[in-house]
């Protein structure tokens with residue numbers, strides 16, 4: 001497994017982490033914790049991932065509303081479950097969706113597909129392409145014909 005990779009964490013190592021535990025049949029003395037991924041020693045539960053991912057999707061929806069209200073550009077953000085589709089006036093789309101089993105956010109745009117993991121307090125591209133909101137702004141601006149769009153959370 002390479003540096004910076006997430007791995008499924010199971011077994012007695014999490015017995016003292018204060019996380020919910022379940023017993024696997026035939027393993028009466030071992031505690032197991034499923035639905036937890038570890039990245040460089042940082043443990044993130046499915047619930048923590050979903051909280052962060054839902055906040056990101058909500059931020060995208062709010063940014064699209066803000067852009068539509070404050071510019072001549074009409075962006076339509078459609079959310080279905082763990083996915084937001086941004087529809088541009090030319091009917092092109094950017095799709096952002098949660099990948100719960102991997103604890104990733106995937107972004108698909110005209111320019112290609114990108115995967116992001118939460119680390120160091122931000123969503124970073126798994127191939128070193130940068131931070132999620134900066135990448136979304138760049139890709140959306142390109143699809144909007146060069147308009148300068150901003151998706152980062154408002155202070």
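Residue 60 - would you say it is surrounded by 14 or more Cβ atoms within 10 Å (Cβ to Cβ), under 20 Å from residue 130 (Cα atoms) and touching a residue at least 24 places away in the same chain (Cβ under 8 Å)?
When the stated conditions are applied, residue 60 passes them.
Do you know which of the residues in the range 91-132 that are within 23 Å of residue 67 (Cβ to Cβ) and touching a residue at least 40 places away in the same chain (Cβ under 8 Å) is nearest to the chain's Cα centre (by Cα)?
Quick first cut of the range 91-132, residues within 23 Å of residue 67 (Cβ to Cβ) only: 91-98, 105-114, 116, 122-123, 125, 129-132.
Next, from what is left, pick out any that are touching a residue at least 40 places away in the same chain (Cβ under 8 Å): 92, 94, 96, 98, 105, 123, 132.
Working: 92: 21, 94: 14, 96: 8, 98: 6, 105: 3, 123: 7, 132: 8 Å.
Top of the filtered list is 105.
Only one of these is modelled with pLDDT under 50 and either farther than 18 Å from residue 139 by Cα or not in a loop (DSSP other than H, G, I, E, B) (or both): 79, 66, 52, 7. Name it.
Values: 79 fails: modelled with pLDDT under 50; 66 fails: modelled with pLDDT under 50; 52 fails: modelled with pLDDT under 50.
Of the residues listed, the single one that is modelled with pLDDT under 50 and either farther than 18 Å from residue 139 by Cα or not in a loop (DSSP other than H, G, I, E, B) (or both) is 7.
Working only within the range 93-142, note down all residues that are part of a helix (DSSP H, G or I) and crowded, with 20+ Cβ neighbours inside 10 Å.
132, 135, 136, 139, 140
The values are calculated or read from the model by the stated rules, or taken from the named source; none is laboratory data. In this text the structure is predicted, and so the values were computed from the model without any measurement. Note: ideal-geometry Cβ built from the backbone for every residue, glycine included; neighbour counts use all protein chains shown.
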